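Written out below as structure tokens is the structure these notes cover.
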Amino acid sequence: MAQPLVKKDDDRDDEADYSPFLGIEKGAVLQEARVFNDPQLDPRRCSQVITKLLYLLNQGETFTKVEATEVFFAVTKLFQSKDIGLRRMVYVMIKELSPSADEVIIVTSSLMKDMTSKTDMYRANAIRVLCRITDGTLLTQIERYLKQAIVDKNPVVASAALVSGIHLLQTNPEIVKRWSNEVQEAVQSRAALVQFHALALLHQIRQNDRLAVNKLVSSLTKGSVRSPLAQCLLIRYTSQVIRESANTQAADRPFYDFLEGCLRHKAEMVIFEAARAITELNCVTTRELTPAITVLQLFLSSSKPVLRFAAVRTLNKVAMTHPMAVTNCNIDMESLISDQNRSIATLAITTLLKTGNESSVDRLMKQITNFMSDIADEFKIVVVEAIRSLCLKFPLKHRSLMNFLSNILREEGGFDYKKAIVDSIVILIRDIPEAKETGLLHLCEFIEDCEFTYLSTQILHFLGIEGPKTSDPSKYIRYIYNRVHLENATVRAAAVSTLAKFGAMVDTLKPRIFVLLRRCLFDNDDEVRDRATLYLNTLGGDGAVVQTGEDVKEFLFGSLDIPLVNLENSLKNYEPSEESFDIYSVPREVKTQPLAEKKAPGKKPTGLGAPPAGPPSTVDAYEKLLSSIPEFANFGKLFKSSAPVELTEAETEYAVNVVKHIFDGHVVFQYNCTNTIPEQLLENVTVIVDASEAEEFAEVASKPLRSLPYDSPGQTFVAFEKPEGTPAIGKFSNMLRFIVKEVDPSTGEAEDDGVEDEYQLEELEVVAADYILKVGVSNFRNAWESMGADCERIDEYGLGPRESLAEAVNAVIDLLGMQPCEGTEVVPNNSRSHTCLLSGVYIGNVKVLVRLQFGLDGPKDVAMKLAVRSEDESVSDAIHEIVASG
Amino acid sequence: MILAVLFANSEGNILVERFNGVPTEERLHWRSFLVKLGAENLKGVKNEELLVASHKSVYIVYTVLGDVSVYVVGKDEYDELALAEVIFVITSAVKDVCGKLPTERLFLDKYGRICLTLDEIIWQGYLENTDKDRIRRLVRLKPPTEF
């Protein structure tokens, strides 16, 4: 039997190492629980046994169904005891055992008796226990008592009923919603905690009733809220009201004064809540942000880690949308890089990386280097990702940032961390041409001593694509060939493929590559040998300095333009026979496509919800999809695909969005359709497009969607011809036409006969920005100067009164659809002039650079000087025309 | 919601572990994560000095109280500041029960009362009572004094 509990005396400190639960065992304690059945109950002993049971449960121990039932029945006997201490223990124990519905009945009468007892504390506890174990039927029986309890004079009873209500709302909402009058009364309670609990419950009951929440907030923001906890709730509800009110004009934003006033509250919790609410306001202005940022800045140097963390976490979020607003805090933030708490330090660094300017990058990197050695991988990954974004923002700094990445690549670290670094280097190589050669060498050095097969093969593949295009491809061969000697079979096989790619692309290297490939013929792994044989034959056996044929290059470098899912299905269906598997028999059409992001207005996720998923398809995938459709196959190369544009409101019967695919002489609209009605099957779905407001467009093809079952998205296409190489614009109205068939919900089978029906969609526009690709340049000045002034066009424009300079800058960027360079899309606070640099590629593959100089003319009027340089003067003129007509 | 309250001794053994809304299969992961967090950061920390961490969208506030370490995990409205309030209530109530900073032995001696105290403070993931004097009375089934 386990040791009995010993009552603590002050003089027993020397026995500190002796645990009262030493050697405790579930079986023995369950035996001991038989004392609950004694006719003469010993309350002290019973309490000790319950404590042991609690100890077991709190260690993560579980009771089987039989054990729990046995203990539960025994515990119910303890209601006979009048001992107060024991009764309190019994309440806890019943909650812990959470008996099943058929057992509950045993204690219901005892608890009901306690709930109507004159002793307040029995009432409070009985309410909590009953609500924990009750079901709907029992709840209706006790509802009357619960409603009384909510307005009980004793705050403990009221709180018990209110918190019960919060829990019960999840399981029995229709019952709890009937209590709103009582809850409303409790919100006015003088007891701080009762008010807090009542406010939480009332809001939950009424959260879908916008008017009621508005009323609640209006009355409470004027009156007195007694506890900081309730005040925090009120701030949260207030920001919900602000968010949902249509008026986003800063000047008369409702309740802003209340939020601002809360910044001066004595409780830190309230100050933070208010500061966060302000920073998360829609279209928040600098004037509104400033007081919140100021208080957050003060907390950055607080002695309490929780406050520093809260402040830096909030500022980090602000930095994502308003980096300039946070720059004032940079000095305080820099001192946090050495904060003992690594979460704080990481947040500080990532914030600084977002807000820093080009000149501070080097200093920042020096500080980060010291910091990196003593943080965990998960933090390091966050920093690496932030550095990658910084490098893309300031491409001129690629040298020091790339060096940093290569240094940390050499240090110890797990797979995810190393992968994050490698991914970053690869992205930088792709986006910053100047960084390519050094980046590739860093990767080469890394694979010399890389313990992760996956990363080695990925890098080898990347080297095979990028390496041959460099000025001196031969210098990479050594690193690649070393892999054939030193690594496992998977990496060796990847190295062979990479070598072959160098051989195919660089004719002068071919003879030497052949020597190396021949050596691989003696490898002890089948795959390595097979690859070597295959490549030697494909590239032309004798290895002379000859040009490699296009079909061989296509074989080596071309992507597998068959959806992998389709290939997998075809292979599964293939039955081994005389006839070999024919890869051309695999269908190329992508069957379904994930739903595009819905244009859901209104609710913004609160807290730290996952960010919405990005657009589902890349240009590559679109290109493959379109080229697999014979009607569009001769349209040439796809120039640009827009982001999906919603043509229906959220939550309508049929959800449709459209992607605009721009070709040189054609435009294809891809309508992504989803049928959200389970009882319907749509067939022969087409979109009838009226192009009367798009004179230059003529419909040439339409590809209907054969069948659109419930919740399985599909696509229909309409193609238009337009004058070649010109940015024709126009407005299109759309009507969804289909045959609808009823579906039997029980069998899922559709009826044979259908009815033709139509569904009006919203209009769609092709605008000038659709003809410009967002393509950045790493060094704008160099690019500008090398482009020369031959095709330069300069003009000045008055943009009229604007809300702010930043708003004007963004409007022009959106109008042109070009890529902002060097972070110039961000307008510093209070500035009266700004220069923004844009770059892009105009249809016909003409590079365009734009220099926009904005100035405030008077209090609100914005004037703009637009200088355009491109390789073709007609394109420079076209850009001016876009701005002039926009 | 307050997802977890956990007490451990100086060796990282669990003394109390209470979860709300955390699936059983994730509990072990949380237990080892928290104990590791404490082992890495709590050395030399002053009593009741609050440390903070976040893991995905979940916040953790933790501290040392005598020989035991206390961890509180929350999400959504229970962010680092609300958890700081919760852990403050917990530590002051536990000190009150023990009469001083608890040794491991003292904590275990007062185990039953500590369970009752936690039951008064957190109810299925929601903060219910915050005042240590009131909590002391409630575990004895006595009404609050201000009433």
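Report, ordered by chain and residue number, the lysines lying within cross-link reach of A:Lys52, taken as a straight Cα distance under 20 Å and ignoring same-chain residues fewer than 8 apart.
By straight Cα distance, A:Lys52 reaches A:Lys7, A:Lys8, A:Lys26, A:Lys65, A:Lys77, A:Lys95, B:Lys110.
Which of rounded, prolate or oblate describes segment A:181-224 when judged by the alpha-carbon gyration tensor and an a/c cut-off of 1.5?
Oblate, since a/c reaches 1.5 and b/c is not below a/b.
Could you do me a favour and compute the accessible area per residue for segment A:194-233, 1.4 Å probe, result in Å²? It would help to have the intermediate numbers written out before the result.
Details: 1720 Å² over 40 residues.
For segment A:194-233, the solvent-accessible area averages 43 Å² per residue.
Dipole size in debye (nearest 20) for segment A:79-158 around its Cα centre, Lys and Arg Cβ +1, Asp and Glu Cβ -1?
Rounded to the nearest 20 debye, it is 360 debye.
If you average the sequence gap of Cα pairs under 8 Å that are 6 or more apart and divide by the length of segment A:755-860, what percent do you get for the contact order?
31
Ordered by packing density, taken as the mean number of other Cβ atoms within 10 Å over each peptide's residues, highest first, how do A:780-791, A:384-395 rank?
With the highest mean Cβ count within 10 Å placed first, the list reads A:384-395, A:780-791.
If you take the charge dipole of segment A:696-817 about its Cα centre, with +1 on Lys and Arg Cβ and -1 on Asp and Glu Cβ, which of A:Gly798, A:Phe738, A:Ser712 is farthest toward its positive end?
Going by the Cα projections, it comes out as A:Gly798.
Residues in segment A:152-180, backbone N under 19 Å from the label point at A:Leu211 (7 Å along the Cα-to-beta-carbon vector): list them, ranges by number please.
In segment A:152-180, the label zone of A:Leu211 (backbone N under 19 Å from the point 7 Å along Cα→Cβ) covers A:178, A:180.
Which of A:Val777, A:Gly788, A:Thr747 sits farthest toward the positive end of the charge dipole of segment A:741-798, with +1 on the Cβ of Lys and Arg and -1 on the Cβ of Asp and Glu?
Result: A:Gly788.
Give the calculated FRET efficiency between A:Ser98 and B:Glu48 to the nearest 0.05, with a Förster radius of 51 Å applied to their Cβ-Cβ distance.
After rounding to 0.05, the efficiency reads 0.95.
For peptide B:112-118, how many partner chain Cβ atoms fall within 10 Å of a residue's Cβ, on average?
Details: counts 12, 5, 3, 10, 7, 0, 3.
Averaged over the peptide's residues, the number is 6.
By how many degrees, between 0 and 90 and to the nearest 10, does the Cα long axis of helix A:84-97 differ from the longest principal axis of chain A?
So the helix axis and the longest Cα principal axis differ by about 30 degrees.
With unit charges on the beta carbon (Lys/Arg positive, Asp/Glu negative), name the residue among A:Ala694, A:Phe379, A:Gly27 whose Cα is farthest towards the positive pole of the charge dipole of chain A.
Positive-most Cα among the choices belongs to A:Gly27.
Counting protein heavy atoms only and a 1.4 angstrom probe, how many square angstrom of accessible surface do chains A and B bury in total, to the nearest 100?
5000
Got the relative contact order for segment A:11-169 handy, in percent, Cα pairs under 8 Å and 6 or more residues apart?
Relative contact order of segment A:11-169: 16 percent.
Sequence neighbours fewer than 8 away in the same chain don't count; with that in mind, list the aspartates and glutamates whose C-alpha is under 16 Å from A:Lys436.
Qualifying aspartates and glutamates at Cα under 16 Å: A:Asp423, A:Glu445, A:Glu466, A:Asp472.
With n ≥ 4 as the cut-off for DSSP H runs, can you work out [θ] at 222 nm for the protein assembly as shown, using -39500 (n - 2.57) per run divided by the number of residues, rounded to the nearest 500?
-15000 deg cm²/dmol
Determine the dipole magnitude for segment A:774-886: charges of +1 sit on the beta-carbon of Lys and Arg, -1 on that of Asp and Glu, nothing else is charged, the reference point is the Cα centre, and the result goes in debye to the nearest 20. Can you show the working numbers first?
On the way: 10 positive and 17 negative charges, 65 e Å.
The calculated dipole for segment A:774-886 is roughly 320 debye.
Output the residues of segment A:17-64 meeting this criterion: accessible area (heavy atoms, 1.4 Å probe) in the chain alone minus accessible area with all protein chains in place is 50 Å² or greater.
A:Asn58, A:Gln59
Pairs of alpha-carbon atoms within less than 8 angstrom and 6+ residues apart define the contacts here; what relative contact order does chain A have, in percent?
About 4 percent, as a whole number.
Please name the residues of segment B:36-52 whose accessible area, counted over protein heavy atoms with a 1.4 angstrom probe, falls by no less than 20 Å² between the chain alone and the full protein assembly.
At a threshold of 20 Å² (probe 1.4 Å), the residues of segment B:36-52 that become less exposed are B:Leu50, B:Val52.
Hey, what do the phi angles of segment A:662-677 turn into as Karplus ³J(HN,Hα) couplings, whole Hz, using 6.51/-1.76/1.60 and θ = phi - 60°, x for Gly and Pro?
Result, ordered by residue: 9, 10, 4, x, 9, 10, 10, 9, 9, 8, 8, 10, 9, 9, 9, 9 Hz.
Short version: which residues of segment B:131-145 lose at least 10 Å² of accessible area, all chains versus chain alone, 1.4 Å probe?
Relative to the lone chain, where solvent access is computed with a 1.4 Å probe, segment B:131-145 loses at least 10 Å² at B:Arg134, B:Leu138, B:Val139, B:Arg140, B:Leu141, B:Pro143, B:Pro144.
Could you tell me which of rounded, prolate or oblate describes segment A:151-252, using a ≥ b ≥ c as the square roots of the eigenvalues of the alpha-carbon gyration tensor, with rounded for a/c under 1.5 and, failing that, prolate when a/b is larger than b/c and oblate otherwise?
Verdict is oblate for segment A:151-252.
What is the helix-to-structure angle for A:65-76, meaning the angle in degrees between its Cα long axis and the longest Cα principal axis of chain A, kept from 0 to 90 and rounded to the nearest 10?
Around 40 degrees separate the two axes.
Can you return the lysines within cross-link range of B:Lys36? Criterion is Cα-Cα under 25 Å, with same-chain partners fewer than 8 residues away left out.
A:Lys304, A:Lys380, A:Lys418, A:Lys419, B:Lys46, B:Lys56, B:Lys75, B:Lys95
Can you give the accessible area per residue of segment A:647-698, in Å², using a 1.4 Å probe?
Computed with neighbouring chains in place, this is 35 Å² per residue.
Just check segment B:1-85 against the gyration tensor rule for me: Cα atoms, a ≥ b ≥ c as the square roots of the eigenvalues, rounded for a/c under 1.5, and otherwise prolate or oblate depending on whether a/b exceeds b/c. Let's see the in-between values first.
Values: a/c = 1.80, a/b = 1.23, b/c = 1.46.
It comes out oblate by the Cα gyration axes.
How large is ³J(HN,Hα) for each residue in segment A:739-752, as worked out from phi by the Karplus curve 6.51 cos²θ - 1.76 cosθ + 1.60 (θ = phi - 60°), to whole Hz, x for Gly and Pro?
Using θ = phi - 60°, the values come out as 10, 9, 10, 6, 10, 6, x, 6, 9, x, 8, 8, 6, 6 Hz.
Residue by residue, what Karplus-based ³J(HN,Hα) values in Hz, rounded to whole numbers, does segment A:351-366 have, using 6.51, -1.76 and 1.60 with θ = phi - 60° and x for Gly and Pro?
5, 4, 5, 7, 9, x, 9, 4, 6, 8, 4, 4, 4, 4, 5, 4
Counting only protein heavy atoms and using a 1.4 Å probe, what share of the accessible area of chain A belongs to carbon plus sulfur, as a whole percent? Write down the numbers at each step before the final one.
Working: 20920 of 42050 Å².
Carbon-and-sulfur percentage of accessible area, whole number: 50.
Let me check something: with ligands and nucleic acids excluded, how do A:Ile24, A:Ile331 order by accessible area (1.4 Å probe), largest to smallest?
A:Ile331, A:Ile24
Over 24 Å apart: what share of the alpha carbon pairs of segment A:38-134 falls there, rounded to a whole percent? Working shown, then result.
Details: 762 of 4656 pairs.
Distances greater than 24 Å cover 16 percent of the Cα pairs.
Please determine, in degrees from 0 to 90 and to the nearest 10, the orientation of helix B:24-41 with respect to the longest principal axis defined by the Cα atoms of chain B, where the helix direction is its Cα long axis.
90
Suppose each label sits 7 Å from its Cα in the direction of the beta carbon; what would the A:Asn569-A:Ile106 distance come out to in nanometres?
With each label placed 7 Å out from Cα toward Cβ, I get 5.6 nm.
Ranked from highest to lowest mean number of other Cβ atoms within 10 Å per residue, what is the order of the peptides A:448-459, A:83-94, A:28-39?
On the way: A:448-459: 16.8, A:83-94: 22.0, A:28-39: 15.0.
For the peptides A:448-459, A:83-94, A:28-39, the packing ranking is A:83-94, A:448-459, A:28-39.
Taking the Cα centre of chain A as origin and charging only Cβ (+1 Lys, Arg; -1 Asp, Glu), how large is the dipole, in debye to the nearest 20? All intermediate terms of the calculation are to be shown ahead of the outcome.
Working: 95 positive and 124 negative charges, 890 e Å.
My answer is approximately 4280 debye.
Can you tell me what the convex hull of the Cα atoms of segment A:411-504 projects to on average, as an area in nm²?
Computing the convex hull of the Cα atoms and averaging its projections yields 5.5 nm².
The values are calculated or read from the model by the stated rules, or taken from the named source; none is laboratory data. None of these values were measured; they are calculated from a predicted model. Note: ideal-geometry Cβ built from the backbone for every residue, glycine included; neighbour counts use all protein chains shown. The accessibility values were calculated without ligands, DNA or RNA, using every heavy atom of the protein model including side chains. Shrake-Rupley method; radii C 1.70, N 1.55, O 1.52, S 1.80 Å.
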